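Data block below; observations after.
The values are calculated or read from the model by the stated rules, or taken from the named source; none is laboratory data. Here the structure is a predicted model, which means the values were calculated and not measured. Reconstructed Cβ throughout: ideal geometry from the backbone, glycine too, with neighbour counts over all protein chains shown. Side chains are part of the model used for accessible areas, which takes the heavy atoms of the whole protein and leaves out ligands, DNA and RNA. Shrake-Rupley method; radii C 1.70, N 1.55, O 1.52, S 1.80 Å.
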Amino acid sequence: MLSVTFHGAAREVTGSLHLLEADGKRVALDCGLFQGRRAESIEKNQKFPFDPSTLHAVALSHAHIDHCGRLPMLVRNGFEGPIYTTPATRDLCALLLADSAHIQQEDTKYLNKKRAKKGEAPVSPLYEDDDATQAISQFHSLSQGRWFHLTRRLKARFHHAGHMLGSSSIELYYLPPTGARPVRLVFSGDVGRPHMPILRDPAPFPECDYFICESTYGGREHPPSGNLKQQLGKVVSDTVARGGKIIIPAFSVGRTQVVVYYLNQLISEEAIEPIPIYVDSPLAVNATEVFRMHPELFDAKARAFLRQTGDILGCDYCTYVRDVDDSKAINKSPKPCVIISASGMCEAGRIRHHLKNNVENGRNTVLIVGFQAAHTLGRRIVEKQKHIDIFGQRYDLKAQVVTLNGFSGHADRKELLELLKPHAGHCRGVLLVHGEESQMTAFKDTLKDEGFSNVLMPHPGDRFALDGTNPPAPLK
């Protein structure tokens, strides 16, 4: 019997972890960090609901930290098996897990200083640099479309998901030892959007008996993405005309590269005048190099632009900044420029320094290109609050604030439905994950209206038997 237990991203959007069991073997789909309120995240991240040493293998959908971020901890706690993923995901994980380990260590150092003042015992980080390095050494890279064995009777292959570089849905095929019919399962991972820049569109889902499907935007539809480049160009042109700078908070992997790609195109097409572009994030610099290593994942337009220019993520006007002194020098220049820096929600990193130096100038523009969670500095900027606090000091928000929606890397309700709808009436169950309950519930209703008879929303710890013939059967 094949079973699946949901240990993460069950009625929530982080901490992806789903445990498959068959023939006495255990395989994990993803192993991500929980992210959210600090105390709750620490509690969830500290322990696994199973013994990591009993795990046979991991199949990893992509490199975002809420999908891969606990792999070093898994290794630290005794997992010695292979971690299967695509080559681009492995390359990004080498950067992101090392960065995550650094954050774990720095956060713990800061926390222990506060604990020492209170006479409390020190705490340890979830994992350290050596754990991240060991985890990467256990990666096995496989190209999309190629079957590989997770166990003797459970095989898998990756399909292009279009969510970020290297991201994949995972098709699984289990052959029972009893001679019963095979069981086919598809784990969507995080699904990208069609017609977005750089990456190919998500591949169609293969035929299967069961889906484990994300539902991040299961109840929403994004605005059209077709005129994003033109909107970006207008923001740049209007700000330059005022003699100002454009400050863009953006996550280091994915969003940064898309913005640079569009700016490069706009300059090449003479839609905007050449302007200095600074990408000020060491992690973004490294991630961009990984993008350049994997043109096989680009769509036709990106490949054509690559042939035309030789580099879709750089031009004569684009500077990638690593050094702190070079970062500080950007703010000393009075000339118009574009500054792209992390973090995407303005809660950490160099972006806060650029905001501090530029938000009180009405000629400047803060351009928001990603979702800003509640209680973040980015959200306060989106709300155009008159005063914002940065590094404990209050600043007047005089800069123009522009929000460009449509850059999301997640498929919306309509886009997910287009992938699933061909399987209505054929598959025996859809198990929804990676979404807030409101989004899951809305998407569940949509799928039922489209002819899916068994749509479930697992709670953490829920376990189901998958026999390939019947709907998912709850197990204790």
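The figures follow:
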| quantity | calculated |
| --- | --- |
| In order through region 206-216: 3J(HN,Hα) via Karplus (6.51 cos²θ - 1.76 cosθ + 1.60), integer Hz, x for Gly, Pro | x, 4, 7, 8, 9, 10, 9, 10, 5, 8, 3 |
| Neighbourhood net charge (11 Å Cβ-Cβ; Lys/Arg +1, Asp/Glu -1) for N470 | -1 |
| Read-out percent of Cα pairs over 32 Å apart, derived from the coordinates shown; its label in (i) 42; (ii) 39; (iii) 50 | (i) |
| Antiparallel %, DSSP beta bridges [both residues in region 330-476], to 5 | 55 |
| Exposure of D130 as accessible area (Å², to 10), given a probe of 1.4 Å and all protein chains | 120 |
| Proximal lysines relative to K414, as straight alpha-carbon distance under 30 Å, when same-chain residues fewer than 8 apart are discounted | K229, K234, K301, K444, K448 |
| Å² of accessible area per residue within region 394-462, as computed with a 1.4 Å probe and no ligands counted | 44 |
| Candidate lysines for bridging to K109, where Cα separation is under 24 Å - those fewer than 8 sequence places away on the same chain excluded | K44, K47, K117, K118 |
| Backbone HN-Hα couplings from phi across region 6-16 [Karplus 6.51/-1.76/1.60, Hz, Gly and Pro as x] | 9, 10, x, 6, 9, 6, 7, 10, 9, x, 3 |
| Relative contact order, percent, the chain [alpha-carbon distance under 8 Å, six or more residues apart] | 18 |
| For region 17-88, the Rg and Dmax computed from alpha carbons only, in angstrom | 12.1, 38 |
| 1.4 Å probe accessible area per residue over region 42-138, in Å² | 47 |
| Rounded to whole Hz, the Karplus (6.51, -1.76, 1.60) HN-Hα couplings of region 122-138, x for glycine and proline | x, 10, 9, x, 4, 6, 10, 3, 4, 5, 5, 4, 5, 4, 4, 5, 9 |
| Solvent-accessible surface ranking, highest first, for D445, D30, D99 at 1.4 angstrom | D445, D99, D30 |
| List R76, R11, R70, R292, ordered by accessible area with a 1.4 Å probe, largest first | R76, R292, R11, R70 |
| Share of carbon and sulfur in the accessible heavy-atom surface of the chain [1.4 Å probe, %] | 49 |
| Nearest-0.05 FRET efficiency for S137 and E296, computed from C-beta distance (R0 25 Å) | 0.55 |
| Of all DSSP beta bridges in the chain, antiparallel share, percent nearest 5 | 50 |
| Amide proton proximity set for V455, modelled H, under 5 Å, gap of 5+ | V430 |
| Residues of type lysines that K328 reaches as a straight line, Cα spacing below 24 Å, ignoring anything fewer than 8 places off in the same chain | K245, K356, K398 |
| Between region 1-78 and region 187-246, the Cα center-to-center distance that results, in Å | 27 |
